[in-house]
Amino acid sequence: MSKRKDETLRDFVREQLKDSQFREAYQEATLALGLAKKITTLRKRLRMTQSELARRMGTKQQAISRLEKGDYEGFTLKTLERIAAVTNTELEIQFRPKKLKKAS
């Protein structure tokens with residue numbers, strides 16, 4: 001993507017974030033996408049297919065695909081704990097201070 005187009009996209013998103021409904025939806029989507037990416041990265045690092053992860057969790061491959069899609073917002077603590085258990089990892093949930101906005 002060219003720098004000009006990237007700046008235009010950033011400007012557009014920055015403008016849209018002024019709308020509270022857009023901002024809330026954007027934050028939820030960003031969180032869901034980040035979690036999906038972490039699950040996908042973990043699975044691939046362990047050289048597991050979606051089918052293998054699903055089998056170990058006692059679910060179907062389609063369920064794993066949904067989790068990894070990026071727009072799924074129905075994550076439960078129980079599901080995340082099951083992923084951790086079958087991948088021999090620890091589930092860690094953090095609360096961090098929000099980043100402060102820069103003055104314009």
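The values are calculated or read from the model by the stated rules, or taken from the named source; none is laboratory data. The structure presented is a predicted model; accordingly, all values stated were derived computationally and were not measured. Note that each Cβ is placed from the backbone with ideal geometry, even for glycine, and that neighbours are counted across all protein chains shown.
Condition test on Ser2, is it more than 14 Å from the chain's Cα centre (by Cα) and either at pLDDT 95 or above or surrounded by 11 or more Cβ atoms within 10 Å (Cβ to Cβ) (or both)?
Answer is no for this residue.
Among all residue pairs at least 6 apart or on different chains, which show Cβ distances below 9 Å where the first residue, located in the stretch 47-61, is within 16 Å of Asn88 (Cβ to Cβ) and the second is at pLDDT 95 or above and outside any helix (DSSP H, G or I)?
Met48/Thr87; Glu52/Leu46; Leu53/Leu46; Leu53/Thr59; Leu53/Thr87; Arg56/Met48; Arg56/Thr87
Filter the stretch 36-86 for residues that are touching a helix residue (DSSP H, G or I) at 6+ places or on another chain (Cβ under 6 Å) and among the β-branched types (Val, Ile, Thr); which is farthest from Ala25 (Cα to Cα)?
Once the filter is applied, the top-ranked residue is Val86.
Can you tell me which of Lys37, Lys78 is at pLDDT 95 or above, in a helix (DSSP H, G or I) and closer than 30 Å to Asp11 by Cα?
Within the list Lys37, Lys78, the selection yields Lys37.
Got a number for residues in the stretch 56-65 being part of a helix (DSSP H, G or I) and under 13 Å from Ile83 (Cβ atoms)?
Restricting attention to the stretch 56-65, the residues satisfying the condition of being part of a helix (DSSP H, G or I) are 56-57, 61-65.
Remaining after also requiring under 13 Å from Ile83 (Cβ atoms): 56-57, 63-64.
So the count comes out to 4.
With the requirement that a residue be outside any helix (DSSP H, G or I) and among the β-branched types (Val, Ile, Thr), what does the stretch 81-104 give you? Lay out the reasoning, then the answer.
Quick first cut of the stretch 81-104, residues outside any helix (DSSP H, G or I) only: 87-104.
Matches in the stretch 81-104: Thr87, Thr89, Ile93.
Only residues that are basic (Lys, Arg) and surrounded by 11 or more Cβ atoms within 10 Å (Cβ to Cβ): list them for the stretch 51-104, please.
Arg55, Arg56, Lys60, Arg66, Lys69, Arg82
Would you mind telling me which numbered condition in (1) free of Cβ contacts under 8 Å to residues at least 40 places away in the same chain; (2) assigned to a helix (DSSP H, G or I); (3) of a type in the set (D, E, K, R) Glu28 fails?
Of (1) free of Cβ contacts under 8 Å to residues at least 40 places away in the same chain; (2) assigned to a helix (DSSP H, G or I); (3) of a type in the set (D, E, K, R), only one is false for Glu28: (1).
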